[in-house]
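First up is the structure itself, then whatever we jot down about it.
Just so you know, all these numbers are worked out from the coordinates, no wet-lab data involved. It should be emphasised that the depicted structure is a prediction, and the values quoted were computed from it without experimental measurement. Counting neighbours? That spans all protein chains shown, and the Cβs are built from the backbone with ideal geometry, glycine included.
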Amino acid sequence: MSKRPFYITTPIYYPSDNLHIGHAYCTTLADSIARYKRLAGYDVLFVTGSDEHGQKIQRKAAEKGMTPLAYVDGIVANFQKLWRQLGVSNDDFIRTSEARHHEVVQHIFQQIYEQGDIYKSEYAGLYCTPCETFWLERQLVDGKCPDCGRPVETVKEESYFFRMSKYEARWLQYIEEHPDFIQPASRRNEMINFVKQGLEDLCVSRTTFDWGIKVPFDQKHVVYVWFDALVNYLTAAGYLDNKEKFNHYWPADIHLVGKEIVRFHSIIWPIMLMAMGIEIPKMVYGHGWLIVEGDKMSKSKGNVIDPTLLIEEFGADAIRYFLLKEIALGADGNFSRDALITRINADLANDLGNLLHRTVSMINRFNGGVIKKGGPSEPVDLELSALAGKTVAAYEAGMEKLEINAVLKDVWALISRANKYIDETGPWALAKDPAKKERLDTVLYHLAETLRIVAILVSPFIPHTAPKVLAQLGLAADQPLALNEAKIWGVLPEGTTVVSKAEAIFPRIEVVTEAAEAAKPEKKEKTAKAEAAAPVEKAAPAEEEAPAVSIDEFARMDLRVAKVLAAEKVEKTEKLLKLTVDLGTEQRTIVSGIALHYAPEELVGRNVVMIVNLKPAKIRGIESRGMVLAASSPDGKLTLVAAPDMAPGSRVK
């Protein structure tokens, strides 16, 4: 039985300059949908590309003393490099300068001309070169282009026109009969109102520049850029050169575009297809804009975000996850560096990364690295496996409705539940009792199996991360995944060996605030001579109230119970002790400034509270990975915060 086809496209981007984070958002969306469809068993064709013709490109190339093709070649190479860095899995990258595309455009232009729907006349009107769009006087806003706000030019030249007006009634009828064609509904209503004002015939050729596809029957004309560009969706599907491929994939399932070009895709494009006698795509989805710090991106404002720099700093999957999680498809979304870092630390490092690290570390420590299924499931185990099943079902339903950010929230709810499951079952306590070995195996298996399912579910969104999760679990990381494998609990083979050492897949990002920078000593020689500050949290005096923090800010601190296994003075210091502590899944070394308040022998065996996710620091040549908490009295006395009855590794909330 052959797979069901699924054809998805992004816009083909204009190479007047390098791409920004808004382009990355659109392509990441399309890639995630394409990857999900492959996961669900579809035969996917995913196309992106570059729209290379037009007056704007010709002018920019001339300014640089280059041919238009040489000018766009370099920029298009950057497009393709960015998609590789971002992990985009497009099946084709189409350039409108390619011969295969020229052939299709000329064939269609000739066909529509011969049937009388293209005619020659003279155009005199207003033209926006950056948008490659003609406007009527009544459509301008303050005398400028309504799309980009820039000045328009008065253009007068001989042109060919496409009889858009002929198809106005047919278009309105089609939209009434196919209400899901334009999404979201707000965009559909805008387009209906636009058409009801009356459609003008569309100028589809130019003579004032020559960087474009020649009109086949009139070589002094080039095909106007929108007629040229929209046809790319047919070219990539094999319209002329591979009829079998075209019949398999057409009509396209989704044209994913920015809301500013919905009009071209949902009015001009379907009317062109009507004239050609070709079936209309199933959906045009207009996503919102990405706003930067509350403002639309603009070169003049200096707030255009380069995705390449973000990927180099934070990694592709972190950028992908933020864009998909923060923005509801169809709505505008806000990008800020602070929000990105918060999301990376909270969701990727603390939740997913921590769950994987704890699970693999405990399997190594308590089971010699081998996964065992254990014995009968208890209610808490059944609750976790049942939630996994519900999550997969909600995931599939949500993805079919393109509710990507809602789907991610569901997956992360499962991850959070698994982290809570560790605290509820206490594997470190079970490991101390040989009689509970079978129970320990059951708990560890449930954690590993949950992570296997999570890896499958997140693979469309963070494709570089999913293989890392599977590899740490000892599973093949280079095999194609299938959604059906996530629907069955217990697929993880008994006897699987995890990696010998769990690595952090998302290290936490530490942010140095301006206040912290200002507090640094001005002279390095003073810092070198000063004794390292004791890494102990001290309470502020009662009269000095600290600034208010949100619950999200508090949640960023990973507070855990730690058992002190060993303690010793740090040589040549009065205040510092070196502590070795047990966190349940691992041991750590921390340096603490409590030597004036506690003798080393007093601390061994105590359960203290520590911040686990503090950035490591070198103190007197010792790497300190954490900080114990203490309360201080007005007279300077310190008392460690204790949790005597809690198992090492227990969360403090």
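Put a plus charge on the Cβ of each Lys and Arg, a minus charge on the Cβ of each Asp and Glu, and nothing anywhere else: the dipole of the range 373-439 about its Cα centre is then about 220 debye. Taking the longest Cα principal axis of the chain as reference, the axis of helix 168-177 is set at about 40 degrees. When the chain is described by a simple charge dipole with +1 on each Lys and Arg Cβ and -1 on each Asp and Glu Cβ, the residue from Ala630, Leu348, Cys128 located farthest towards its positive end is Ala630. Mind checking which aspartates and glutamates have their C-alpha under 17 Å from Lys166, skipping anything on the same chain fewer than 8 residues away? Correct list for Lys166: Glu114, Asp117, Glu200, Asp201. Convex hull volume of the Cα atoms of the chain, normalised per residue: 201 Å³. The range 90-140 and the range 317-371 have Cα centres lying 45 Å from one another. Relative to the first principal axis of the alpha-carbon coordinates of the chain, what is the inclination of helix 379-400, with its axis defined by its Cα atoms, in degrees from 0 to 90 and to the nearest 10? With both axes taken from Cα atoms, the answer is about 20 degrees.
Each residue of the range 576-653 gets 109 Å³ once the volume of the Cα convex hull is shared out per residue. In a fully extended conformation the segment linking Arg556 and Asp43 would gain 180.5 nm over its present Cα-Cα distance, using 0.36 nm per residue.
Here the contact order of the chain, divided by its residue count and restricted to Cα pairs under 8 Å and six or more residues apart, works out to 11 percent.
Return Lys245, Lys37 ranked ascending by Cβ neighbour count within 10 Å, so the fewest neighbours appear first. The partial results should precede the final answer.
Working: Lys245 15, Lys37 26.
Least crowded to most crowded, the residues run Lys245, Lys37.
Which net charge results for the neighbourhood of Ser97, defined as the other residues with beta-carbon distances under 11 angstrom from its beta-carbon, given Lys and Arg at +1 and Asp and Glu at -1? Neighbour charge sum, excluding Ser97 itself: -3.
When only alpha carbons are used to place a centre, the range 597-651 and the range 402-468 end up 29 Å from one another.
Near Lys120: Cβ cut-off under 14 Å, other residues only, Lys/Arg at +1 and Asp/Glu at -1. The net charge is -4. Pairs exceeding a 27 Å alpha-carbon distance, out of Lys296/Lys653; Lys325/Lys372; Lys3/Lys259; Lys56/Lys282; Lys420/Lys563; Lys487/Lys615: Lys296/Lys653; Lys325/Lys372; Lys3/Lys259; Lys56/Lys282; Lys487/Lys615.
Here the residues Lys401, Lys373, ranked from fewest to most Cβ neighbours within 10 Å of their Cβ, fall in the order Lys401, Lys373. In the range 337-486, a dipole from Cβ-located charges (positive for Lys and Arg, negative for Asp and Glu) runs towards its positive end, and of Tyr445, Ile456, Leu414 it is Tyr445 whose Cα lies farthest in that direction.
Roughly what angle does helix 185-196 make with the longest principal axis of the chain, taking Cα atoms, 0 to 90 degrees, to the nearest 10? Once rounded, the angle reads 10 degrees.
The Cα atoms of the range 248-382 give a gyration tensor whose axes a ≥ b ≥ c have a/c of 1.5 or more with a/b no greater than b/c, which makes the shape oblate. Estimated purely from DSSP H runs of n ≥ 4, each contributing -39500 (n - 2.57), the mean residue ellipticity at 222 nm for the chain is -11500 deg cm²/dmol once divided by its residues.
Please report, in debye to the nearest 20, how large the charge dipole of the range 138-182 is about its Cα centre when each Lys and Arg carries +1 at its beta carbon and each Asp and Glu carries -1 there. The partial results should precede the final answer.
Numbers: 7 positive and 9 negative charges, 40 e Å.
About 200 debye.
Using +1 at the C-beta of Lys and Arg and -1 at the C-beta of Asp and Glu, which of Gly375, Ala599, Thr497 has the Cα lying farthest in the positive direction of the dipole of the chain? The residue sitting farthest along the positive end of the dipole is Ala599.
I'd like the antiparallel share, as a percent to the nearest 5, of DSSP beta bridges with both residues in the chain. Numbers along the way, then the final one.
Values: 51 of 75 bridges.
Here the antiparallel bridges make up roughly 70 percent for the chain.
Using only side-chain charges placed at the Cβ, +1 for Lys and Arg and -1 for Asp and Glu, the dipole size of the chain relative to its Cα centre rounds to 1340 debye.
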